[in-house]
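Worksheet for the structure shown next.
The values are calculated or read from the model by the stated rules, or taken from the named source; none is laboratory data. The structure displayed is predicted, hence computed values, not measured ones. Counting neighbours? That spans all protein chains shown, and the Cβs are built from the backbone with ideal geometry, glycine included. Ligands, DNA and RNA are stripped out before the accessible areas are found, and what is left, the full protein with its side chains, is counted by its heavy atoms. Shrake-Rupley method; radii C 1.70, N 1.55, O 1.52, S 1.80 Å.
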Amino acid sequence: MHVSVTTERRWLENDEILALLNEYGIPAPRQRFAATADEAAAIQAEYGVPVALKVVADGVVHKSDISGVKLNLAGCEAVKQAFAELQDALATHAPEAVFRGALVQEMAAPGQEVIVGIKRDPVFGPAVVVGLGGVWVELVRDSALRLTPITEEKARQMIAELRAAPLLTGYRGRPPADVDALVDILVKVGRLAVERPEIEEMDLNPVVVAPKGGGAVAVDARILVSPRPAAAAEVRDLSSPVRQLMNPRSIAVVGASANRKKSGGRLLHYLRKHGYEGRIYPVNPKETEIGGLTCYPSIGALPEAVDLACIMIPDKAVPDAIAECGAKGIRTAIVYTSGFSETGAEGKARQEEMMANARRYGVHICGPNTVGTVNSIARTTTAFGMAFEAETVPTGDISFVTQSGALGGSLLSRMWAQGIGFARWICTGNEADLTLADYLLYLADDPATKVIALFLESIRDPATFRLACERARANGKAIVAYKTGISEVGHRAVASHTGSLAGDDAVYEAFFRECGVVRVPDLQALADAAVVLSWQPLPAGRRVAVVSTSGGACSVIADECEKYGIEIPLLREETRAKIDQIIPPFGASQNPVDITMQVTVNPEMFGSVLDSLLEEPQIDVLLMMLTTNADPPAVEVAKGIVRAARKVSKPVVVARTGAEFLAPQSLAYYQENRIPVFPMPDRAVKALKAAIDASRFLAHAGQPPAS
Ligand code: ADP
Ligand code: MG
């Protein structure tokens with residue numbers, strides 16, 4: 001069989017499919033093609049067991065849809081009659097299809113039907129999908145996906161992840177199915193997917209999994225091959241140009257202006273206002289001086305080959321400006337200007353022209369169409385977003401890479417307002433040259449970065465991304481990501497079950513899991529998770545103690561924790577006894593602990609209860625759930641919490657639902673002491689969940705963690 005030299009995109013014939021399954025040791029029932037009813041009857045007689053008859057006709061995709069499958073046939077007459085019925089069914093339901101005969105196939109032992117398939121993603125490569133739900137499979141969408149290679153462990157995780165997994169592992173007296181046989185098939189399909197890049201999609205639907213010990217067989221298979229060569233995943237390391245981009249000792253602002261209403265004016269203004277200490281050279285042929293700085297007529301006229309050219313000129317002039325940079329010996333540039341690949345064919349051509357010049361001279365580019373970058377620690381604000389109207393740019397150990405300048409910028413100012421600073425902030429723009437993965441690789445080894453937050457739409461170079469994640473994990477850095485674009489799933493699903501079962505988002509999910517990237521469900525959670533990871537120690541596990549002043553708040557927290565798989569374990573008797581000493585008799589000393597509104601009279605109670613929980617061995621995280629409190633007693637509560645938190649290396653976070661204006665002093669006190677405060681309990685729980693996941697990923701650095 002010569003599938004690998006296919007020149008057209010086509011579905012394989014049944015004998016080609018069988019040869020392939022056979023080669024990889026994927027079990028299929030005995031089967032043979034029959035052109036006539038007599039041949040079919042003879043095959044059944046030879047097999048000596050009941051058979052299935054399946055119509056073979058050009059142009060038929062789903063055989064049962066046209067009554068093209070007959071099951072459990074034994075004896076000459078039954079087989080012949082079924083053959084005739086298949087012929088009739090085709091004439092009735094698909095008169096345009098050409099009847100060729102029938103496939104005679106041994107009946108599989110009864111069992112659980114599952115679908116196993118290959119989905120090849122253009123960026124991430126081949127993935128294997130397993131799904132449950134029989135004929136309802138596309139309706140219930142109960143599936144799990146993993147990128148290849150598929151190890152036995154991964155295959156077991158996939159099966160465990162299915163909602164209906166108990167149908168396979170045993171449920172209400174139903175005997176467990178032969179999971180080992182299914183695992184074996186998943187591993188083999190994974191290998192096939194890797195070794196046969198010409199296979200674009202494959203469905204084994206169904207694989208019938210017999211009860212334990214009985215094996216599993218693929219009774220129906222469809223394989224789509226295409227001549228498209230598999231894209232080789234290449235790793236590249238551009239961390240040194242990125243380092244230069246982020247740490248320039250001299251900057252040319254090309255398109256500088258004295259007018260702060262213009263982007264070029266704002267860029268120059270922010271650079272100086274936020275304390276850049278390197279050399280700045282405005283470039284603008286119409287000026288000789290801007291804001292006291294000598295202005296140069298062209299890039300060529302600059303007195304030195306600057307470390308970084310910030311280019312903010314009309315789109316048509318950008319490709320030449322990059323060539324001028326190259327000729328001058330300038331090797332890194334940020335192109336802020338838009339009107340490139342994001343706008344259509346003309347812009348795309350312009351971007352290519354720009355990149356041709358960049359490649360000729362070895363210039364590395366951030367952008368085009370970017371808001372820019374910020375290195376807060378080196379006070380280098382090479383960005384023109386309105387966020388930089390702020391008086392100061394606070395520093396911190398979080399670094400943020402965003403594929404959306406506008407949203408990424410707004411998050412920045414929102415976090416500053418809560419006293420949260422960044423080390424680096426990078427808006428990627430169109431990624432004509434430097435990509436999200438290149439920045440990530442730089443941050444992975446950046447000593448100022450402890451936590452990496454990503455706001456992303458797509459990943460272009462998964463191999464580099466993966467390497468960056470490995471390095472970050474090896475360096476103990478957590479990566480949290482918010483990914484948009486979930487809704488555009490599985491568009492070209494029609495032809496294949498696997499395609500409709502697992503959309504592009506499932507591929508990202510699998511990729512993030514393998515890379516140890518913690519995915520958060522929304523933009524707010526990205527910021528919240530980053531703060532917990534930056535300010536607090538990593539949780540050792542997922543067991544949380546909740547202290548609250550309200551029974552209602554306790555149930556909200558309990559619900560949220562359940563939703564995110566966070567445990568609220570029972571406390572030991574001795575701990576409860578200690579707490580009972582502190583709280584009023586109408587409180588609750590069991591987790592979640594309700595210390596009641598008595599705290600308004602006795603604000604130290606919070607800290608004291610917290611103290612008795614610190615040493616509780618089955619607790620990994622402490623969550624303080626406050627409702628409405630006001631300064632000055634709120635300050636006493638805050639002091640108690642901060643004092644207790646200092647004694648322990650477990651994360652402590654506060655959820656406080658009352659409005660901020662009631663307690664400015666206590667909120668400032670939490671902030672100074674790096675205790676995250678969230679205005680709603682769900683935000684606190686979501687952030688903790690991300691911190692717990694991050695901690696688990698980091699504990700498994702060097703190997704993909706189990707789910
Ligand atoms: P299609 O998917 O084109 O409709 P299949 O070959 O998958 O056709 O057959 C439809 C259904 O018939 C299967 O889902 C399975 O339940 C049953 N079936 C088909 N072949 C066999 C077989 N050899 N042994 C047992 N059941 C079978
Ligand atoms: Mg089928």
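Brief remarks on what is shown
- Cα-based Lys pair tally, segment 48-194, threshold under 16 Å, eight or more apart or on separate chains: 6
- Shape class of segment 649-705 from the Cα gyration tensor (axes a ≥ b ≥ c, square roots of the eigenvalues): prolate, since a/c reaches 1.5 or more and a/b is larger than b/c.
- Reachable aspartates and glutamates from LYS273, criterion Cα separation under 17 angstrom, eight or more residues apart if same chain: GLU389, GLU391
- Dividing the convex hull volume of the alpha-carbon atoms in segment 178-286 by its residue count gives 257 Å³ per residue.
- Semi-axis lengths, Å, the chain, gyration tensor of Cα atoms, sqrt of 5 times eigenvalues: 55, 40, 18
- Descending semi-axes in whole angstrom, ellipsoid equivalent of segment 287-365, from the Cα gyration tensor: 23, 15, 9
- With N the number of residues in segment 538-606, Rg(Cα) / (2.2 N^0.38 Å) evaluates to 1.13.
- Under 28 Å of direct C-alpha separation, and excluding same-chain neighbours fewer than eight residues apart, LYS578 reaches these lysines: LYS639, LYS647, LYS650.
- Accessible surface, 1.4 Å probe, highest first, among residues GLU346, GLU8: GLU346, GLU8
- About the Cα centre, charge dipole magnitude for segment 79-176 (Lys/Arg +1, Asp/Glu -1 at Cβ), debye: 300
- Whole-Å distance, taken between Cα centres, linking segment 626-672 and segment 137-153: 44
- Calculated mean residue ellipticity, 222 nm, the chain: -11500 deg cm²/dmol, from DSSP H runs (n ≥ 4) at -39500 (n - 2.57) each, averaged per residue and rounded to 500.
- Computed from Cα atoms, the angle from the helix 263-273 axis to the main principal axis of the chain rounds to 60 degrees.
- For TRP136, TRP425, the ranking by accessible surface with the largest value first comes to TRP136, TRP425, using a 1.4 Å probe.
- Sum of side-chain charges, LYS686 neighbourhood, beta-carbon under 14 Å (Lys, Arg +1; Asp, Glu -1): -2
- Contact order for the chain, expressed relative to its length and based on alpha carbon pairs under 8 Å spaced 6+ residues apart, stands at 9 percent.
- For segment 18-125: rounded, prolate or oblate by the Cα gyration tensor [a/c cutoff 1.5]: oblate
- Summing Cβ point charges (Lys, Arg +1; Asp, Glu -1) relative to the Cα centre of the chain gives a dipole of roughly 1860 debye.
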